[in-house]
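Presented below is the structure to which this report refers.
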């Protein structure tokens, strides 16, 4: 057994998780670009709602990416990405809770179970 074959799956696992977060950033960047292209106001509650929606979509896309491209155990890979997103969301709610409206913080935390749907989406997209 060569070194490459022994390290191939762990390396692919790490890359699937790292690139999942790249996908999340890209989706959020698309949302920021799109809101500017549509000429929406740069602040206000409508903009916060827009940002929340793209944050949720970015989480779903990241989790789906990790589940889709995991070399083995796609649920575990998607679950790891979801756990990091959940921890970051709880931290943001705790640390920034007074800086954002209550509905935004509740929406961010309430979206976590829906973002886990990315695991299902990623598994469905895996080649058989």
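For every residue, the table says whether it meets (1) surrounded by fewer than 18 Cβ atoms within 10 Å (Cβ to Cβ); (2) under 17 Å from residue 107 (Cβ atoms); (3) over 11 Å from the mean Cα position of the chain (by Cα).
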| site | (1), (2), (3) |
| --- | --- |
| 16 | no, no, yes |
| 32 | yes, no, yes |
| 36 | yes, no, yes |
| 41 | yes, no, yes |
| 46 | yes, yes, yes |
| 49 | yes, yes, yes |
| 55 | no, yes, no |
| 64 | no, no, no |
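Please indicate, with yes or no, whether at least one residue in segment 45-58 is under 27 Å from residue 13 (Cα atoms) and either free of Cβ contacts under 8 Å to residues at least 12 places away in the same chain or in contact with a strand residue (DSSP E or B) (Cβ under 8 Å, 6 or more places away or on another chain) (or both). Within segment 45-58, none of the residues are under 27 Å from residue 13 (Cα atoms) and either free of Cβ contacts under 8 Å to residues at least 12 places away in the same chain or in contact with a strand residue (DSSP E or B) (Cβ under 8 Å, 6 or more places away or on another chain) (or both). Within segment 67-123, being within 13 Å of residue 17 (Cβ to Cβ), surrounded by fewer than 14 Cβ atoms within 10 Å (Cβ to Cβ) and under 11 Å from the mean Cα position of the chain (by Cα) holds for one residue alone: 83.
Within segment 72-92, one or more residues are touching a helix residue (DSSP H, G or I) at 6+ places or on another chain (Cβ under 8 Å), outside any helix (DSSP H, G or I), touching a residue at least 60 places away in the same chain (Cβ under 8 Å) and over 25 Å from residue 43 (Cα atoms). Residues in segment 93-106 that are part of a helix (DSSP H, G or I) and out of contact with any helix residue (DSSP H, G or I) (no Cβ under 7 Å at 6 or more places or on another chain): 94, 95, 96, 102, 103, 106.
Here, each number is a calculation from the coordinates, and none is a lab measurement. Given the structure is predicted, the values throughout are model-derived calculations rather than measurements. When we count neighbours, we look across all protein chains shown, and the Cβ atoms used for this are built from the backbone with ideal geometry, even at glycine.
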